[in-house]
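The values are calculated or read from the model by the stated rules, or taken from the named source; none is laboratory data. The model shown is predicted, which means the values in this text are computed figures rather than measured ones. Counting neighbours? That spans all protein chains shown, and the Cβs are built from the backbone with ideal geometry, glycine included. Side chains are part of the model used for accessible areas, which takes the heavy atoms of the whole protein and leaves out ligands, DNA and RNA. Shrake-Rupley method; radii C 1.70, N 1.55, O 1.52, S 1.80 Å.
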Amino acid sequence: MSGVEGFELEQEVTGLLQTRRYDPEILPRLEAYVAQQVALNKYDSDANMAVMKLYQFYPERYHQRTVVHILAKSLMALPATDFLCAMYMIALPRQTEHPLPLLSELVRLLETGMFHEFWARAAEVKTLRSEVTGFDGEVRNFMISVIARTFSRIELTDLAKMLNLEGGANAAKDFVCGPEESSYGWRIDPESSSCVLIPPTEFNSAAGTSAPTNRERLSFRSIVASRSLFNST
Amino acid sequence: SVAAGSQGTDSLDWRSRAAPVAADGAHGGVSTENWSEELHQVPEGVRHFLVYFRAKFREANIAEIHSLYEDVFSKLSARHYKGTDWPSAEIIAPLVEDDEIFLLLYKELFFRHAHANPQPALQMRLGAWDNYCKLFNQFLNNRMLEFDLPPSWLWDIIDEFIYQFEAWCQYRARLASKTEEEIEFLRDSEHVWNVNSVLQYLHALVNKSNVCPWLLNGNLPVGSSNPSDDDFDLSALAVYRYIGYFSIIGLLRIHCLLQDYRLALMVLQPLDFDSSDPLYTHVSACHVSLFYYMGFAYLMMRRYNDAVRVFSTTLMHIGRIKQFHTRSYQYEQINKRNEQMLALLSICFACSPLQTEQASPGLLREKYADKLNKLRSGDVSLFEELFLYASPKFISPSVPDYDSPSDSN
């Protein structure tokens with residue numbers, strides 16, 4: 001599908017959702033749009049949820065392949081709760097059809113930080129992962145965001161295992177410290193070349209012991225700035 | 001048959017202060033010749049009420065309509081029609097000169113009364129659906145321009161419409177106890193209480209009323225307030241504004257019932273939460289319903305902090321207004337939502353990783369402190385129990401499988 005055709009489909013779907021959201025006849029166009037998202041690594045959660053809703057209203061139109069693709073895209077959107085919202089609209093009997101239970105399990109493993117176990121189970125959906133462009137990349141992105149909130153420094157070999165990178169410590173180094181745009185700009189620990197430092201944020205830094213004192217000190221400037229304290233409303 | 005108002009506060013005494021309906025005759029000049037047997041049997045108090053009610057409706061006399069609707073109707077119901085139906089519209093039509101629009105409103109009350117019975121007859125369910133379609137079409141065809149209805153009635157219309165839709169879905173899903181004929185009938189009646197039609201009516205009312213532009217324009221109509229102008233804006237009329245606004249909240253509720261919480265929250269975007277006088281505060285039941293469903297949607301999307309904020313503020317608000325609502329119907333409803341929100345709030349506290357209990361000290365401590373401890377220690381059956389108690393009555397939008405005669409749901 002060319003770039004122009006792709007954009008046209010996107011426009012068409014936006015229009016359909018505004019005027020005929022509950023009309024099952026728009027399903028073929030929406031399903032094509034899902035396939036496009038899968039091929040081009042794009043994401044439109046509103047359109048995908050509209051598909052799930054139509055399948056809920058018209059169970060005879062339920063198309064498992066599209067549902068699996070939507071769930072895979074929703075997994076890639078973590079930490080957004082899209083996967084959860086999609087599952088709410090699937091009838092209970094359908095939720096037991098392969099590979100839905102496996103996908104739910106994969107989401108659970110990601111949400112609870114069990115990254116080694118995730119990759120072990122994910123081997124069971126290798127075909128799906130290669131079909132959905134960018135799947136592994138988005139999963140690693142999510143994992144990095146979790147790691148960055150939890151660690152201030154980490155061994156490269158551990159990082160490589162968590163991210164399932166072939167090539168061990170070196171691959172991990174390239175992934176997070178490399179010069180490419182896609183890397184995260186982390187630095188090797190000057191004190192230990194097998195570790196990498198993660199930029200400090202409020203999440204991965206120890207709470208400062210001077211915190212209570214800071215709160216007691218109000219600068220004159222901040223009082224003047226909040227002049228509303230002196231105005232009656 | 002004057003009401004025995006010994007305390008003097010009996011509002012059935014309204015007739016003593018009522019303006020005369022017509023100069024000639026107690027029945028507004030309507031001759032009694034074409035009265036049916038059944039009409040003669042309707043109690044005189046009820047007949048007077050209907051004549052007066054219709055007259056005030058025609059005058060768009062909001063204050064009188066409000067008190068007739070809120071007080072007199074329920075008192076007459078309790079006195080004459082407890083456990084039975086009001087007289088049908090056909091029977092009482094001569095009293096109101098076959099006033100088409102008034103009769104649609106009367107039937108709304110008639111069917112609502114019939115649905116107070118948890119198992120209304122199929123004919124009642126069908127009649128109610130047909131009546132709502134006709135009533136909403138009046139709004140959509142610009143037939144409500146000269147009339148006005150109190151906001152509480154407009155809210156109740158939407159609220160009851162959705163309640164009866166829920167009741168129909170549950171009725172339809174119970175296949176095991178149905179006869180072959182009933183199942184055949186259902187198979188052929190997919191248009192009745194059809195989920196798409198329900199959604200379309202609500203969307204149509206929102207669009208027709210033009211309430212979204214009104215909200216975005218700082219609660220002012222965008223177009224002209226003059227009905228004879230080309231760019232006359234219906235949101236200038238309170239009756240349209242309210243029905244549109246309440247339909248938005250109706251959509252929130254329906255999407256929650258259909259388990260689409262994301263869309264439920266999306267439809268709320270135009271609402272005037274930051275206004276100094278938001279429309280949802282004009283009817284208490286609306287206020288409570290809005291935040292109950294909103295909080296529930298947040299909870300289901302794991303936005304625990306947002307859910308806690310919504311539930312806590314609403315619970316405090318209910319605590320303040322309860323004293324003004326000791327009249328039966330609204331009070332019970334508000335009380336029930338109060339209890340449900342406490343249960344949901346404890347679930348939120350148990351699931352949320354942050355210590356947000358500081359937000360509402362004392363609210364939970366009294367009733368649910370004990371349960372909260374059990375939830376925090378992982379008592380799954382208590383989660384289930386509280387959730388089942390506090391969650392809305394979910395419905396499945398799809399048509400049941402009539403070929404497998406068992407109860408689904």
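Could you give the angle, 0 to 90 degrees to the nearest 10, between helix A:64-76's Cα long axis and the longest principal axis of the Cα atoms of chain A?
For helix A:64-76, the angle is close to 10 degrees.
What is the percent carbon and sulfur in the accessible area of the protein assembly as shown, measuring with a 1.4 Å probe over the protein chains and ignoring ligands?
52
Rank-order B:222-228, B:65-71, B:246-252 by packing density, defined as the average count of other C-beta atoms within 10 Å over each peptide's residues, highest first. Please list the in-between numbers first.
Numbers: B:222-228: 12.3, B:65-71: 17.9, B:246-252: 26.1.
Descending packing order for the listed peptides: B:246-252, B:65-71, B:222-228.
In percent, how large is the relative contact order of chain A, given Cα pairs closer than 8 Å and 6 or more residues apart?
Here the relative contact order equals 13 percent.
How well do other chains shield peptide A:52-58, expressed as the mean number of their Cβ atoms within 10 Å of each residue Cβ?
Numbers: counts 1, 7, 0, 1, 7, 8, 3.
That works out to 4 on average.
Counting C-alpha atoms alone, how compact is the protein assembly as shown: give Rg to one decimal and Dmax as a whole number, in angstrom.
30.1, 106
Using the C-alpha gyration tensor of the range A:80-181, what are the square roots of 5 times its eigenvalues, in whole angstrom, with the largest one first?
Gyration-tensor ellipsoid for the range A:80-181: 28, 14, 12 Å.
Can you list the trypsin sites (Lys or Arg not before Pro) in the range B:76-114 that are in a DSSP coil and have 11 or fewer other beta carbons within 10 angstrom?
When the trypsin sites (Lys or Arg not before Pro) of the range B:76-114 are filtered for loop state and at most 11 Cβ neighbours within 10 Å, B:82 remain.
Can you tell me what the convex hull of the Cα atoms of chain B projects to on average, as an area in nm²?
For the Cα atoms of chain B, the hull's average projected area reads 24.0 nm².
How much of residue B:77 can a 1.4 Å solvent probe reach, expressed as accessible area in Å² and rounded to 10?
10
Output the DSSP H helices from chain B with an along-axis C-alpha extent of no less than 18 Å and a mean Kyte-Doolittle hydropathy no less than 0.5.
Flagged H segments are B:100-114, B:238-257, B:284-300.
Let me test this: with uniform point scatterers at the alpha carbons of the range A:61-101, what is the Debye-based log₁₀ I(q)/I(0) at q = 0.15, 0.16, 0.20 1/Å?
-0.32, -0.36, -0.57
If you take the C-alpha gyration tensor of the range B:172-322, multiply each eigenvalue by 5 and take the square root, what semi-axes do you get, largest first, in whole Å?
Computed over the range B:172-322, the values are 31, 25, 13 Å.
Please identify every one of the trypsin sites (Lys or Arg not before Pro) in the range B:127-177 that sits in a loop by DSSP and has no more than 16 other beta carbons within 10 Å of its own beta carbon.
Details: sites: B:134, B:143, B:172, B:174; in loops: B:143.
Here the sparse-neighbourhood loop sites are B:143.
As an exercise, use a Förster radius of 60 Å and the Cβ-Cβ distance of residue A:153 and residue B:84 to find the FRET efficiency, rounded to the nearest 0.05.
FRET efficiency, residue A:153 to residue B:84: 0.15.
Report, to the nearest 10°, how far helix A:3-19 tilts away from the longest principal axis of the Cα atoms in chain A, using its own Cα long axis and a range of 0 to 90°.
Helix A:3-19 sits at roughly 80 degrees to that axis.
Sort B:148-158, A:89-99 by the packing proxy (mean of other Cβ within 10 Å over each peptide's residues), most packed first.
B:148-158, A:89-99
What is the helix-to-structure angle for A:135-150, meaning the angle in degrees between its Cα long axis and the longest Cα principal axis of chain A, kept from 0 to 90 and rounded to the nearest 10?
Between the helix axis and the principal axis of chain A, the angle is about 30 degrees.
Would you calculate, for chain B, the mean residue ellipticity at 222 nm contributed by helices, counting each DSSP H stretch of 4 or more residues as -39,500 (n - 2.57) and dividing by all residues, to the nearest 500?
Working: 19 runs with 241 residues, N = 409.
Per the formula, -18500 deg cm²/dmol.
How large, in Å, is the range A:1-103 by the Kirkwood hydrodynamic radius built from its alpha-carbon pairs?
For the range A:1-103, the Kirkwood estimate is 13.9 Å.
From the convex hull of the Cα coordinates of the range B:95-238, what is the mean projected area in square nanometres?
10.7
Inside 10 Å of the C-beta atoms of B:255-266, what's the mean count of C-beta atoms belonging to other chains? Mind dumping the intermediate values first?
Values: counts 1, 0, 0, 5, 7, 8, 5, 12, 6, 0, 0, 2.
Partner Cβ neighbours, averaged per residue: 4.
Cross-link list B:75/B:322; A:53/B:322; A:42/B:208; B:82/B:371: which exceed 32 angstrom alpha carbon to alpha carbon?
A:53/B:322; A:42/B:208; B:82/B:371
Based on C-alpha coordinates, I'd like the Rg and Dmax of the range A:1-44, in Å.
Using the Cα atoms of the range A:1-44, the pair Rg, Dmax is 10.2, 29 Å.
Over chain A, what per residue volume does the convex hull of the Cα atoms give, in whole Å³?
Per-residue hull volume (Cα only) is 236 Å³.
How about the range B:78-177: which GluC sites (Glu not before Pro) there lie in a loop by DSSP and see at most 16 other Cβ atoms within 10 Å?
Counting only loop positions with at most 16 other Cβ atoms within 10 Å, the GluC sites (Glu not before Pro) in the range B:78-177 are B:97, B:146.
Rounded to the nearest 100 Å², what is the buried accessible area between B and A, both sides summed, probe 1.4 Å?
What B and A bury together is about 1600 Å².
Can you give me the convex hull volume of the Cα atoms of the range B:257-343, divided per residue and expressed in Å³?
Hull volume over Cα atoms, normalised by residue count, gives 102 Å³.
With only Lys, Arg, Asp and Glu charged, each at its Cβ (+1 for the first two, -1 for the last two), find how big the charge dipole of the range A:50-105 is about the Cα centre; round to the nearest 20 debye.
Dipole size: approximately 160 debye.
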